[in-house]
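Below: the structure, in structure tokens.
What follows draws every value from the coordinates through simple rules; no lab data is involved. The structure displayed is predicted, hence computed values, not measured ones. Note that each Cβ is placed from the backbone with ideal geometry, even for glycine, and that neighbours are counted across all protein chains shown.
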Amino acid sequence: MPNNFSIVAVSLFIWLVDNFLWWRIRNEINHVKGAWRYILWILFWVPLVFYIAGLLYAIFIPFLQWSNNQKTWYFAILLFFYGTRALPVLLLFIEWIVSFVLDVSRRGGDRDTLKSDSRRRFLLNLGIVGAGFLLSGMLAGILRWAGSFRVHKVWFPVKNLHSAFHGYRIVQISDLHLGSWASVAELDRAIDLVLEQKPNLIVFTGDLVNYSTAEALPFEASLRRLRAPDGVLAILGNHDYGGYTRWPSAYAKRKNLADLKSFYQRIGWKLLNNENVVIQREGGAIAIAGVENWGAHSRFPKRGNVLQALNGIEHIPVKILLSHDPTHWQNIVIEKTPEILLTLSGHTHGMQFGIEAAGIRWSPAKYFYRHWAGLYANPDQTQFLYVNRGLGNIGYPGRIGIFPEITLIELLSD
């Protein structure tokens, strides 16, 4: 199982959810007779059987050997089962608390069983309807919106930009998470859209895979298609280090990262590990620096060294930084490196869920990240951050309201 998957905690959660829900609804099916009652009983406990079957399968076939689809769909189906049960469980839990408080307040008086049963039945029906809407949305998020790629265009005025770079086009993609893609054809469609933007430079801001480099191998030929006149630059994200699965040895984990770096070489992308490249045109220049992952949260690697990444480009007037996690910008970049004009990040995915329509811009991501999608500026308007919403998915293999993004940034002489 993945390194961040606690079998004891998840098993306890599933056991509590299933038993509480069954305890609250079993009286509702007492009127069902014959075979239908057994069918309902079997359907109710199918999720638990599916969960246990996955654990048993992992004993004989280690998680690292599961195919991309097996990994993705096992956790996606669990999310379907227990995500849709969350609302009825929550409503029935509230009903149980209310009933308990009312019983206590009566101090041993007669309980109004009829009202209690009616209230429970109403909340159960409400929960079932809500779960149906949730399930429909989750299915649409996978079957339709996961492949609804959007191009976000940003026209970015730059002081001291050499006239030769006026109209320079940078395409940013991020968070491919190749282990979650259903097919190579879907990725090819995204790559076609990238190439249609006619970029001068393509940058990738981390998280190529979910768990291991092996997930990227089926997509090697497709990724080689990504080409631009000034190349493709990439950095590592937190998932790329292989820290989300249990490796048989420390050597196997190190080899996985070495294999990823070799993979980048084979597909022709230049990986920037706390280093930089200078792009020159007609006597002018811009510098692109890239750092290894740096995340404010303790569970994320802190290998990024922005001062090292800027070494040797002090004289370049326009500096752009690639840094996977946007917390690096707010915690380190603004304070220590005011010479960096623009930082490009990813990581948040916009939580793959939210609303960006009719003037409303909301996602649960805002409660975890101050900067979670789009363009931001420091108080002096001298440094900027763009957070890409990600092209792939992790955990839930879909999108609801926050669509997969390709960013086109066009530099303009100010």
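Note on the chain: GNM, Cα springs under 10 Å; of 249, 67, 11, the largest mean-square fluctuation is that of 249. In terms of overall dimensions, region 7-143 has a Cα radius of gyration and Dmax of 18.2, 60 angstrom.
So what's region 265-414 giving for Cα Rg divided by 2.2 N^0.38 Å, two decimals?
On the way: Rg = 16.1 Å, N = 150, 2.2 N^0.38 = 14.8 Å.
Taking the Cα Rg and dividing by 2.2 N^0.38 Å, one obtains 1.09.
Under 5 Å from the amide H of residue 275 lie the amide H atoms of 290, each residue being 5 or more positions distant or on a separate chain, with H modelled from the backbone and absent for Pro and chain starts.
Spacing of the modelled spin labels on residue 67 and residue 36, each 7 Å from Cα toward Cβ, amounts to 3.9 nm. A simple spin-label model places the labels of residue 378 and residue 129 5.2 nm from each other, with each point 7 Å out along Cα-to-Cβ. Each of 45, 390, 342 was scored by the projection of its Cα onto the charge dipole of the chain, and the greatest displacement toward the positive side belongs to 45; charges sit on the C-beta of Lys, Arg, Asp and Glu.
Using only helices, what value at 222 nm comes out for the chain when you add -39,500 (n - 2.57) per DSSP H run of length 4 or more and divide by the total residues, to the nearest 500 deg cm²/dmol? Show your work: numbers first, answer last.
Numbers: 8 runs with 154 residues, N = 414.
That calculation yields -12500 deg cm²/dmol at 222 nm.
The calculated pair-distance distribution of the chain uses every alpha carbon pair, bins of 10 angstrom beginning at 0, and gives 4, 19, 27, 21, 13, 9, 4, 1, 0 percent. Among beta bridges identified by DSSP and lying wholly in the chain, the antiparallel ones come to about 40 percent.
Largest GNM mean-square fluctuation among 232, 129, 151, using the chain with Cα springs under 10 Å: 129.
The chymotrypsin sites (Phe, Trp or Tyr not before Pro) of region 3-101 that meet both conditions, a loop assignment by DSSP and at most 16 other Cβ atoms within 10 Å of the site Cβ, are 5. Placing R0 at 41 angstrom, the Cβ-Cβ distance between residue 100 and residue 225 gives a FRET efficiency of 0.10 after rounding to 0.05.
Taking 202, 42, 170 as the candidate residues, the one with maximal mean-square fluctuation in a Gaussian network model of the chain, Cα springs under 10 Å, is 42.
Run the numbers on region 150-413 and let me know its relative contact order in percent, using alpha-carbon pairs under 8 Å that are six or more apart. The partial results should precede the final answer.
Details: 611 pairs, mean separation 69.4, N = 264.
Answer for region 150-413 is 26 percent.
Across the cross-link table entries 71/270; 253/302; 270/336, which are compared at the Cα atoms, the separations over 20 Å belong to 71/270; 270/336. Taking 19 Å as the straight-line reach from the Cα of residue 319, the aspartates and glutamates in range (excluding those fewer than 8 positions away in the same chain) are 230, 275, 282, 292, 335, 339, 380, 410, 414.
With only Cα atoms counted, region 120-261 has Rg and Dmax values of 20.3, 70 Å.
As a proxy for reagent exposure, ranking 335, 186 by other Cβ atoms within 10 Å from fewest up yields 335, 186.
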